[in-house]
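This report concerns only the one structure given below.
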Amino acid sequence: MAGQKTDARDVHVGQRIAEQRKRASLTQKRVAQSFGMSAAQLQKYEKGTNRISAIHLDTFSRLTGVPIAYFFDGLEHEGAGPSGGDAGPGFAEGPQEVYAADNPWLGLTDVVVQHVSAHFPEPERRRFAAILQAIGRQLDG
């Protein structure tokens with residue numbers, strides 16, 4: 001986003017992106033490829049050096065199975081408005097959905113299914129589904 005200086009909000013969002021990417025066991029290279037960018041660019045987003053676009057944040061949110069609000073959790077809203085004052089109420093004035101960050105398996109199935117569906121041809125998806133079913137049977141025991 002040329003010409004826009006980054007600030008503490010970009011650093012916060014970038015840290016949350018890095019945390020969630022690691023939680024989902026995704027490499028920078030893998031995520032960057034799915035976005036059509038370099039790993040260096042993703043690293044700049046994660047460090048807050050560059051501001052991530054809303055579209056990329058939405059895509060990453062879907063890829064990792066967390067709500068977009070997760071990336072803003074814990075962010076101070078004081079002084080966040082364009083004039084430096086209180087930003088006031090936003091689009092989501094009601095209570096926010098709680099993200100269970102303590103559960104690293106939360107949404108893992110959704111992430112795997114989305115990734116496999118997007119990146120593998122039908123025969124490989126069927127083999128992958130068979131493997132998951134076999135694992136499920138072993139775990140149910």
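Just so you know, all these numbers are worked out from the coordinates, no wet-lab data involved. Note that the structure is predicted; figures quoted are calculated from it, not measured. Note: ideal-geometry Cβ built from the backbone for every residue, glycine included; neighbour counts use all protein chains shown.
Results, tabulated for the structure shown:
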read-out: Percent of Cα pairs exceeding the 22 Å cut-off, where the set is the stretch 1-78; value: 14
read-out: Sorted by Cβ neighbour density within 10 Å, fewest at the top, the residues Lys47, Lys29, Lys5; value: Lys5, Lys29, Lys47
read-out: Leu132, Leu63 arranged by Cβ crowding within 10 Å, fewest neighbours leading; value: Leu132, Leu63
